[in-house]
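A.B. asks: Structure provided below as structure tokens; questions to follow.
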There are 2 protein chains.
Amino acid sequence: MVNMRDVAHRAGVSIATVSFVLNGTKPVTAATRARVEQSMADLGYRRNVVARALASRRTHIIAMAYPALEHRFGMSTAEFFTSAAEAARKEDYHLVLWPVGNDGVELRELLGQGLVDGVVLMEVQLDDPRVGILRQTGTPFAMIGRTSELEGLSHVDIDFDATVEEAVKHLHGLGHRRLVLVSGDLDDPRFHAYGPWVRTEDAYRRVTAEYGLETVVLPCSDTTRAGQDVTERLIREYPEATAILVLNEYAALGVVSALNRMGRAVPDEFSVLPLLMVPETAALTDPELTMMRTPGPELGQLGTEALIRQLEGADPLPPQMVPAKLHPGGTTAAPRA
Amino acid sequence: MVNMRDVAHRAGVSIATVSFVLNGTKPVTAATRARVEQSMADLGYRRNVVARALASRRTHIIAMAYPALEHRFGMSTAEFFTSAAEAARKEDYHLVLWPVGNDGVELRELLGQGLVDGVVLMEVQLDDPRVGILRQTGTPFAMIGRTSELEGLSHVDIDFDATVEEAVKHLHGLGHRRLVLVSGDLDDPRFHAYGPWVRTEDAYRRVTAEYGLETVVLPCSDTTRAGQDVTERLIREYPEATAILVLNEYAALGVVSALNRMGRAVPDEFSVLPLLMVPETAALTDPELTMMRTPGPELGQLGTEALIRQLEGADPLPPQMVPAKLHPGGTTAAPRA
């Protein structure tokens, strides 16, 4: 392994001079710098990343904090992650995924004082203990998602109001008047204050009230099986429903497969419209799902940009709210007569 | 920020003594150590992780290298990742996901000399450039998957031979004699030397020959759409087939939905048996898929264990080959008369 001593020897300078060149701690003449750099190139010297981190307090590594052991790492999540990784790469940063728990204990352990330059926070809770830890440790961060208190916090998120408005408008326009929302399960302790579920339910209650529609909400975990079970309950308890909005992607797959198995034709008897979904998942059902398409590619990129702007001392990115957009498919149509 | 000088001052010792306590570089008396540690506790001193990494060459962070921008991060992948993260946590390590490309360029950049203690390599190619880079840099690593040359390499993998044997035996036992394998698309440059696809095809050719069956293999990308398209081709070109084995999970969903759409009853007219699948995906079709269940939870854990044993200087974990096991479902039955 080539070290600074070797570089100094070959360049005919002191080790301190090599250090000045590497760390910019004192000015050196252009000629000396050129000699040192040539020597490094000749010897194939690669700076020790840790030493460089100590010198500059910068590693150019950023972490996406995702509670992968508590929340499912689904195909939507993968979109956020890969678009964030791509955005980081374009700006010459490396993004890694940290599966740290929502309580912030591991986050605190891992942050230490310099392994990563900053954090993109995912799966944000309304009152998120991780935010306090990031602030205490002075770690630059941006949220994909929102806490209740947002003062001074860099964030981007789904525009849940606009998403729910467009979804209800679409179904109402087709003639549906009896809707049911299959929501998240807010009684699940892992999700009780999970922003996307709380905000979607709030928006749904507001929008159905505005349209003068009855507000029916059924809780459901985000698994195919739970979606199948809730569909049986829905048909038993709300037989007059003609359209089902589904908050979660795997639950939506369960809703369609259960209707198929029960011989309830989609979309002739029931329209199904997921509120957070990616095309790859939508293609898994028969017929393919009409969906509100999760803006994961946009938000992964924007969240990373918001963080990198902080790290580079650029103008902050103003908060960005991006709605899921209606994406055509085969599961919505006019209601049965 | 509290530093070593503050700790030394409060403890009434030199900075060098604090350093000896922290880094174990020279022995100190128990009384001095206790005074220094008390002083650190009183002041809330937290060691600089980077400095500790430099001192001990250990960060207790390990990376799972996954080419997330080239390969799909599907439901099976998520199982490998979460079980690896859990296994690491149990051993007091943190596992992060590195979306580094398959060519190894980013891997080399990121490895540097100390940010991670070791690497779990995923999506291994038969001749994988990342292996050479890990060896050159002296980075401890374990593979989930296998290169062609395995001399001295720590690895765990799916036992593709046993998996294919059990799958063919199951269908043959039901009475099927005309099978088709819907394989991966090895012409896709991202996958041309991708171990799981190559090994499954090889095993399938061997096993069908042993059973005296015709060997029919159709290439197919891992998407629902591709699975639907290949099914149309299959019915056109091999109308006498009664059973379809499918290598990839999303392609398998497409095969079943295409058969349903064409009015070809599953399993009465066609048996369908995926070779790599997780229950969550299997539950999406109607009927639910019989499958060979991917041993992701076992392999994520074993691959991490193999790496951590190296890091801890424990006895090496011998190579582990874990077969996918037959998991009952509704898509296999005796062939049509």
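The values are calculated or read from the model by the stated rules, or taken from the named source; none is laboratory data. What you are looking at is a predicted structure, and each value in this text was computed from that prediction instead of being measured. We place every Cβ from the backbone using ideal geometry, glycine too, and count neighbours over all the protein chains shown.
A.B. asks: Which of the residues belonging to region B:314-337 are of a type outside the set (A, V, I, L, M, F, W, C), more than 15 Å from B:Val156 (Cβ to Cβ) and not in a loop (DSSP other than H, G, I, E, B)?
C.D. replies: B:Lys325, B:His327
A.B. asks: Would you tally the residues in region A:28-45 being under 13 Å from A:Val18 (Cα atoms) and in contact (Cβ under 8 Å) with a residue 40 or more places away in the chain?
C.D. replies: Within region A:28-45, residues that are under 13 Å from A:Val18 (Cα atoms) and in contact (Cβ under 8 Å) with a residue 40 or more places away in the chain number 1.
A.B. asks: What is the residue count in region B:98-108 for residues that are small (Gly, Ala, Ser) and at the interface with another protein chain (Cβ under 7 Å from one of its Cβ atoms)?
C.D. replies: Looking only at that region, the number is 0.
A.B. asks: Residue check, A:Leu121 against (1) out of contact with any Asp or Glu (no Cβ under 9 Å at 6 or more places or on another chain); (2) in the same structural domain as A:Thr77 (by TED's automatic domain parsing); (3) closer than 22 Å to A:Gly296 by Cβ, all met but one. Which one?
C.D. replies: The single condition A:Leu121 does not satisfy is (1).
A.B. asks: Any residue in region A:154-161 that is under 21 Å from A:Lys325 (Cα atoms), surrounded by fewer than 18 Cβ atoms within 10 Å (Cβ to Cβ) and at pLDDT 90 or above?
C.D. replies: Yes, region A:154-161 contains a residue that is under 21 Å from A:Lys325 (Cα atoms), surrounded by fewer than 18 Cβ atoms within 10 Å (Cβ to Cβ) and at pLDDT 90 or above.
A.B. asks: Take A:Gly212 and decide whether it is without any contact (Cβ under 8 Å) to a residue 12 or more places away in the chain, assigned by TED's automatic domain parsing to the domain that holds A:Asp103, part of a loop (DSSP other than H, G, I, E, B) and not polar (S, T, N, Q).
C.D. replies: So A:Gly212 does not fit the description; no.
A.B. asks: Only helices (runs of 4 or more DSSP H) wholly contained in region A:220-293 count here; list those with 2 or more residues that are away from chain B (no Cβ under 11 Å).
C.D. replies: A:224-237, A:249-261
A.B. asks: Next up: Please verify whether B:Ala88 is buried (at least 23 other Cβ atoms within 10 Å of the Cβ), under 12 Å from the mean Cα position of the chain (by Cα), in contact (Cβ under 8 Å) with a residue 60 or more places away in the chain and within 11 Å of chain A (Cβ to nearest Cβ), treating the condition exactly as stated.
C.D. replies: No; evaluated as a whole, the condition is false for this residue.
A.B. asks: Of the residues in region A:112-155, how many are among the acidic types (Asp, Glu) and out of contact with any Pro (no Cβ under 9 Å at 6 or more places or on another chain)?
C.D. replies: Residues that pass the stated criteria total 4.
A.B. asks: For region A:191-205, what are the residues that are of a type in the set (D, E, K, R) and surrounded by 15 or more Cβ atoms within 10 Å (Cβ to Cβ)?
C.D. replies: Passing the criteria: A:Arg199, A:Glu201.
A.B. asks: Just checking, which of A:Glu249, A:Glu305 is within 16 Å of the chain's Cα centre (by Cα) and not assigned by TED's automatic domain parsing to the domain that holds A:Val164?
C.D. replies: Within the list A:Glu249, A:Glu305, the selection yields A:Glu305.
A.B. asks: Still on this structure, please answer the following. On the basis of being more than 21 Å from B:Val278 (Cβ to Cβ), modelled with pLDDT of 95 or more and either touching a Lys or Arg at 6+ places or on another chain (Cβ under 7 Å) or not hydrophobic (A, V, I, L, M, F, W, C) (or both), does A:Pro287 make the cut?
C.D. replies: Judged against the criteria, A:Pro287 is not a match.
A.B. asks: Given the conditions (1) farther than 15 Å from A:Ala78 by Cα; (2) away from chain B (no Cβ under 14 Å); (3) of a type outside the set (Ser, Thr, Tyr), report the number of the one that A:Gly303 does not fulfil.
C.D. replies: Single failed check for A:Gly303: (1).
A.B. asks: OK, next. For B:Gln125, which of the numbered conditions (1) more than 12 Å from chain A (Cβ to nearest Cβ); (2) under 20 Å from B:Arg190 (Cβ atoms); (3) out of contact with any Ser or Thr (no Cβ under 9 Å at 6 or more places or on another chain) fails to hold?
C.D. replies: (3)
A.B. asks: Tell me which of these B:Gly138 doesn't satisfy, since it passes every other one: (1) outside the structural domain of B:Gly254 (by TED's automatic domain parsing); (2) outside any helix (DSSP H, G or I); (3) crowded, with 20+ Cβ neighbours inside 10 Å.
C.D. replies: Failing condition for B:Gly138: (3).
A.B. asks: Kindly indicate which of A:Arg57, A:Arg33, A:Arg46, A:Arg52 is buried (at least 17 other Cβ atoms within 10 Å of the Cβ), charged (D, E, K, R) and either at pLDDT below 85 or more than 26 Å from A:Gly104 (Cβ to Cβ) (or both).
C.D. replies: Step by step, each of A:Arg57, A:Arg33, A:Arg46, A:Arg52 is checked, and only A:Arg52 is buried (at least 17 other Cβ atoms within 10 Å of the Cβ), charged (D, E, K, R) and either at pLDDT below 85 or more than 26 Å from A:Gly104 (Cβ to Cβ) (or both).
A.B. asks: Restricting attention to region B:231-261, which residues are of a type in the set (A, V, I, L, M) and in contact with a helix residue (DSSP H, G or I) (Cβ under 7 Å, 6 or more places away or on another chain)?
C.D. replies: Once the filter is applied, which keeps residues that are of a type in the set (A, V, I, L, M) and in contact with a helix residue (DSSP H, G or I) (Cβ under 7 Å, 6 or more places away or on another chain), region B:231-261 yields B:Ala241, B:Ala243, B:Ile244, B:Leu245, B:Val246, B:Leu247, B:Ala251, B:Ala252, B:Leu253, B:Val255, B:Ala258, B:Leu259.
A.B. asks: Let me ask something additional. For A:Arg225, all conditions in the list (1) modelled with pLDDT under 95; (2) more than 30 Å from the chain's Cα centre (by Cα) hold save one; what is the number of the exception?
C.D. replies: Every condition holds for A:Arg225 apart from (2).
A.B. asks: When you scan region A:271-284, do you find a residue that is among the hydroxyl-bearing types (Ser, Thr, Tyr) and under 26 Å from A:Tyr204 (Cα atoms), even just one?
C.D. replies: There is at least one residue in region A:271-284 that is among the hydroxyl-bearing types (Ser, Thr, Tyr) and under 26 Å from A:Tyr204 (Cα atoms).
A.B. asks: Now, a different point. Output the number of the condition that A:Glu79 fails; it satisfies all remaining conditions of (1) over 17 Å from A:Val156 (Cβ atoms); (2) within 12 Å of the chain's Cα centre (by Cα); (3) more than 7 Å from chain B (Cβ to nearest Cβ).
C.D. replies: (1)
A.B. asks: Which residues, counting only those in region B:160-199, are under 27 Å from B:Glu70 (Cβ atoms), assigned to a loop (DSSP other than H, G, I, E, B) and either in contact with a Ser or Thr (Cβ under 8 Å, 6 or more places away or on another chain) or in the same structural domain as B:Val119 (by TED's automatic domain parsing) (or both)?
C.D. replies: B:Ser183, B:Gly184, B:Asp185, B:Asp188
A.B. asks: Since A:Leu107 meets every condition but one in (1) in contact with a helix residue (DSSP H, G or I) (Cβ under 6 Å, 6 or more places away or on another chain); (2) buried (at least 23 other Cβ atoms within 10 Å of the Cβ); (3) closer than 29 Å to B:Val278 by Cα, which condition does it not meet?
C.D. replies: (3)
A.B. asks: Another question about this same structure. Would region B:172-182 turn up any residue that is within 23 Å of B:Val105 (Cα to Cα), in contact (Cβ under 8 Å) with a residue 12 or more places away in the chain and of a type outside the set (Phe, Trp, Tyr)?
C.D. replies: Looking through region B:172-182, none of the residues is within 23 Å of B:Val105 (Cα to Cα), in contact (Cβ under 8 Å) with a residue 12 or more places away in the chain and of a type outside the set (Phe, Trp, Tyr).
A.B. asks: Taking only region B:268-284 into account, find how many residues are farther than 20 Å from B:Thr163 by Cβ and either touching a strand residue (DSSP E or B) at 6+ places or on another chain (Cβ under 6 Å) or crowded, with 19+ Cβ neighbours inside 10 Å (or both).
C.D. replies: The number of residues fulfilling the criteria is 3.
A.B. asks: Out of (1) more than 9 Å from chain B (Cβ to nearest Cβ); (2) buried (at least 20 other Cβ atoms within 10 Å of the Cβ); (3) of a type outside the set (Lys, Arg), the odd one out for A:His71 is which?
C.D. replies: A:His71 satisfies every listed condition except (2).
A.B. asks: Go through B:Leu111, B:Leu95 for me and flag whichever is modelled with pLDDT of 90 or more and facing chain A (nearest Cβ under 10 Å).
C.D. replies: Result: B:Leu95 is the single residue among B:Leu111, B:Leu95 that is modelled with pLDDT of 90 or more and facing chain A (nearest Cβ under 10 Å).
A.B. asks: Here's another thing I want to ask about it. Would you confirm whether any residue within region A:291-314 is surrounded by 19 or more Cβ atoms within 10 Å (Cβ to Cβ) and in contact with a Pro (Cβ under 6 Å, 6 or more places away or on another chain)?
C.D. replies: yes
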